[in-house]
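Read-outs: derived from the displayed coordinates by stated rules, not from any lab. None of these values were measured; they are calculated from a predicted model. Using ideal geometry, Cβ is built from the backbone for each residue, glycine included, and neighbour counts are taken over all protein chains shown.
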């Protein structure tokens, strides 16, 4: 991982391309939750002190909640469990990420499990 570049815009491009091409809520929920999980995994390996990175993560977390809310309740559970795992890890990251995620969960009507 040393001397590797990471790009928020490149990571988000796949989701944007999918949205333009297909745009199904379940696919967008999967991609946006996967983005959040990938950020969590990346932060498990690397220490990142980049406000842009964390802001992008919180924005994608919100996008995931928007897409999940459009799904049937039986489909929502799987995605919410995965986002809860990301939110749980966010306590270790700083930048107010965990509190922002908690506020978004409440705003979109999802309570933590």
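General remarks:
Each row is one residue, and each column tells you yes or no for (1) assigned to a helix (DSSP H, G or I); (2) out of contact with any helix residue (DSSP H, G or I) (no Cβ under 7 Å at 6 or more places or on another chain).
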{"site": "16", "(1), (2)": "yes, yes"}
{"site": "27", "(1), (2)": "yes, no"}
{"site": "75", "(1), (2)": "yes, no"}
{"site": "81", "(1), (2)": "yes, yes"}
{"site": "89", "(1), (2)": "yes, no"}
{"site": "94", "(1), (2)": "no, yes"}
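- Within the stretch 50-68, considering residues that are exposed (fewer than 14 other Cβ atoms within 10 Å of the Cβ) and touching a residue at least 12 places away in the same chain (Cβ under 8 Å), the one nearest to residue 8 (Cα to Cα): 52
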